[in-house]
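Accompanying notes for the structure given below.
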Amino acid sequence: MDRNRVGGKFQIHTNQLRKKQMANESGNNAVPGFQWLNRLVSEPYYLFHFLTFFSYFIIRSSASEVLAPHLIQHLLRREIQTLLVFAILVVIKGVKEDNWEAFIADALFLGKICLFVLAITMDRHLAVWYILVFLVIHMLTQQPLFQGLGTSSKLTPLQLESLLTEGTTTRLWLVEFCASYSPACIRSSQHFPELSITYSSKNLSFGIVDLGLFPNAAEKFGISLSGSMGQLPTYILFENAAEVARFPELDFEATYFHPTITKGLLSRHFELDRHLLEYFNGK
């Protein structure tokens with residue numbers, strides 16, 4: 001009976017948080033198709049990629065009038081092969097990835113490779129042109145972070161210190177330290193808001209600190225921003241203003257391949273299920 005009662009409280013708690021989140025975002029997410037169309041037009045990263053990929057169809061149409069028939073047939077076979085390979089790889093990535101940001105990043109990367117293969121089949125100069133275009137896009141734009149916050153709060157370092165030292169809010173704070181320029185942060189940006197929806201309580205709050213805006217605060221929290229092996233994103237759990245756990249660990253040796261951050265990994269590392277059960281049992 002106790003287990004059923006706790007399970008019922010957990011379900012009610014999760015449903016209440018999700019309803020609150022849906023109510024806060026109903027104006028923006030009422031029609032997902034229009035939301036993605038708006039992001040395609042308003043976000044330079046998506047818009048420039050779309051225009052670059054679309055330019056191939058214009059060039060392909062013009063090339064059909066000047067290329068020899070046997071070259072057109074060869075290009076058509078290569079297009080069919082490339083499309084099949086792209087579709088298979090995208091399906092595999094779609095199964096493996098658990099959030100849209102990571103899936104889109106992988107799909108665009110695969111799309112660039114496929115476009116290069118087709119361009120070099122048509123003309124080497126065209127392939128070089130596409131490489132230059134994508135380099136310019138990479139330098140001028142970046143993939144945007146996940147837009148939702150869930151029940152987490154965006155904090156400045158001073159606000160976080162104030163919340164931790166005053167102790168007027170929750171006993172536990174799980175804080176994500178990220179930066180909008182970090183590919184790793186972009187790929188995992190959806191996990192933290194979704195975790196906050198499930199695990200927020202009167203004992204546990206979630207906060208996000210953007211170290212891209214406040215880089216000087218990184219050293220205070222023991223986070224390295226140096227080079228491509230920086231420790232971003234970093235997650236720290238505070239209890240009564242004291243750090244009790246973090247991911248990655250302080251003695252973590254950065255390597256080229258960072259561990260894949262998932263909601264399950266963060267939930268297990270910080271024992272979020274246990275903290276939520278303790279909250280319910282303490283009622």
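The table below gives the values:
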read-out: Rounded if a/c under 1.5, otherwise prolate or oblate - the range 143-236, Cα gyration tensor axes; value: oblate
read-out: Whole-angstrom gap from the range 131-192 to the range 46-111, using each part's C-alpha centre; value: 31 Å
read-out: Simple spin-label estimate for Ile92 and Leu51 in nanometres, 7 Å along Cα-Cβ; value: 3.3 nm
read-out: Residue pairs, from the table Lys93/Lys202; Lys220/Lys263; Lys154/Lys220, whose Cα atoms sit over 28 Å apart; value: Lys93/Lys202
read-out: R0 of 22 Å, Cβ-Cβ distance Leu135-Ile80: FRET efficiency to nearest 0.05; value: 0.20
read-out: Cα gyration tensor, the range 106-182 - rounded (a/c under 1.5), prolate or oblate; value: prolate
read-out: Cβ-based net charge around Gly222, under 10 Å, with every Lys or Arg adding one and every Asp or Glu removing one; value: 0
read-out: Calculated FRET efficiency for the pair Ser64/Val117, C-beta based, R₀ 25 Å, to 0.05; value: 0.85
read-out: 3J(HN,Hα) from dihedral phi, the range 201-218, Karplus parametrisation 6.51/-1.76/1.60, rounded to Hz, x for glycine, proline; value: 7, 6, 9, 10, 10, 10, x, 10, 10, 8, 6, x, 8, 10, x, 5, 7, 4
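Values in this text are rule-based calculations from the coordinates and carry no lab data. The model shown is predicted, which means the values in this text are computed figures rather than measured ones. Heads up, the Cβs are rebuilt from the backbone with ideal geometry, glycines too, and the neighbour counts pull from every protein chain shown.
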